[in-house]
1. Looking at the stretch 119-200, what strands (runs of 3 or more DSSP E) fall wholly within it and have at least 1 residues that are of a type in the set (Val, Ile, Thr)?
2. Go through ASN166, ASN178 for me and flag whichever is buried (at least 21 other Cβ atoms within 10 Å of the Cβ), under 25 Å from ILE291 (Cβ atoms) and within 20 Å of the chain's Cα centre (by Cα).
3. Does the stretch 288-307 include one or more residues that are exposed (fewer than 13 other Cβ atoms within 10 Å of the Cβ), assigned to a strand (DSSP E or B) and of a type in the set (Gly, Ala, Ser)?
4. Could you list all residues from the stretch 25-39 that are more than 9 Å from ligand 1 (Cβ to nearest atom), in contact with a Ser or Thr (Cβ under 8 Å, 6 or more places away or on another chain) and assigned to a loop (DSSP other than H, G, I, E, B)?
5. Which of the residues that make up the stretch 96-113 are in contact with a helix residue (DSSP H, G or I) (Cβ under 6 Å, 6 or more places away or on another chain), buried (at least 19 other Cβ atoms within 10 Å of the Cβ) and either modelled with pLDDT under 95 or in a helix (DSSP H, G or I) (or both)?
6. Does the stretch 45-59 include one or more residues that are touching a strand residue (DSSP E or B) at 6+ places or on another chain (Cβ under 8 Å), within 21 Å of TYR286 (Cβ to Cβ) and more than 16 Å from ligand 1 (Cβ to nearest atom)?
7. Right, ALA177: more than 15 Å from ligand 2 (Cβ to nearest atom) and over 26 Å from GLY43 (Cα atoms) or not?
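The values are calculated or read from the model by the stated rules, or taken from the named source; none is laboratory data. What you see is a predicted model, and the numbers here were worked out from it, not measured in a lab. No Cβ is skipped: glycine too gets one built from the backbone with ideal geometry, and neighbour counts run over all protein chains shown.
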Amino acid sequence: MSERSNGTSSAGVQREQLLRDVARGLAMPQKELDPKYFYDERGSALFELITELPEYYLTRAERKLLESEIPGFIGQLQPRSLVELGAGSASKTRVILDAMVHAGSAAQYVPLDVSSEFLEESARGLRESYPGLEVITAIGDFSQKLTLPDIEGPTLFAFLGSTIGNFEDDAAVTILANIASQMRPDDRFLLGADLRKDVATIEAAYNDEAGVTAEFNLNVLRVLNRELGADFDLAAFRHRAIYDRDRHRIEMHLDSIDDQVVSIPQIGEIPLSQGESIRTELSSKYDRAAIGSLFRRAGLCLDDWITGADGLFALAVGGASRGPDSRP
Ligand code: SAH
Ligand code: AVI
């Protein structure tokens, strides 16, 4: 069994960053918070519950595609390493790792995530299940420049779950370009993307009957209360998730139920009027043209586009079209 960690930022640096991000986001005309702050241990666990909800079709649809497509794909590529952005529980990743083990090519797995405790827990489980695999956890923010350990190629870079959809197009291009800059000519990139479909199906996925998504949404306020000593009253906010048909995306908000003032030490008093919202997440939905355009802008070529018969979800496969900028 082999374990390594490629941790980067210290708690102090992360707190400074959180303070800056929150001060900036809450000063905007449409108040917003960065969705990466959902994912403390509780937030990561709540996301896992979301993936099992009857309304949240994304995870099941992606898993089905991976199960049908990955064995053949891995058999051809024979990757020695898998690098995964936003790995979380890495539950679907096991489909890829199983195929790598079956192909006899599996050497290293590098899951990268901001949610450090949760990632280490996932890594422990993987090390038990795949004793021959070196699991190197990388704690960090994939929207910043990627610092990866030295790994054996060919490498498959994976970004699953449609997490790309949580970013505006320009930011998504920056993330994809960062990945492209790390890719050697025989490496491949695998992206999971949620597809555009009827609005009722999409909106139901973000407004589940059991209220787990609402709890997940409110969790970001718990994080700010704990980390910054803020005094958000969670009962004073209501979860709202609506689909923007023009921009093809879900917007998740926390609506202020009444006029209120929230206090955050080191930032100050934040007044919110009745009905005013804090936008906490975007979740864009795609078609082939939209992903093709993001890939092109990021210096990636889109080689394959795989959707199931249900038309719910897509896997996009690509390679770096410009060659590596920073990796030998
Ligand atoms: N890939 C998994 C988990 C998706 S949830 C799946 O498909 O089910 C999104 C994951 O990305 C979480 O684990 C979260 O902690 C991580 N994440 C969100 N923003 C991030 C960022 N900016 N940098 C690194 N990880 C991030
Ligand atoms: C991680 N990300 C792709 C999820 C999504 O669907 O946008 C997060 C989520 N938000 C609400 N439900 C799930």
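1. It comes to 134-139, 155-159.
2. It is ASN166.
3. No, every residue in the stretch 288-307 fails to be exposed (fewer than 13 other Cβ atoms within 10 Å of the Cβ), assigned to a strand (DSSP E or B) and of a type in the set (Gly, Ala, Ser).
4. GLN30, LEU33
5. ILE96, ALA99, MET100 - these are the residues of the stretch 96-113 that are in contact with a helix residue (DSSP H, G or I) (Cβ under 6 Å, 6 or more places away or on another chain), buried (at least 19 other Cβ atoms within 10 Å of the Cβ) and either modelled with pLDDT under 95 or in a helix (DSSP H, G or I) (or both).
6. no
7. Against the criterion (more than 15 Å from ligand 2 (Cβ to nearest atom) and over 26 Å from GLY43 (Cα atoms)), ALA177 qualifies.
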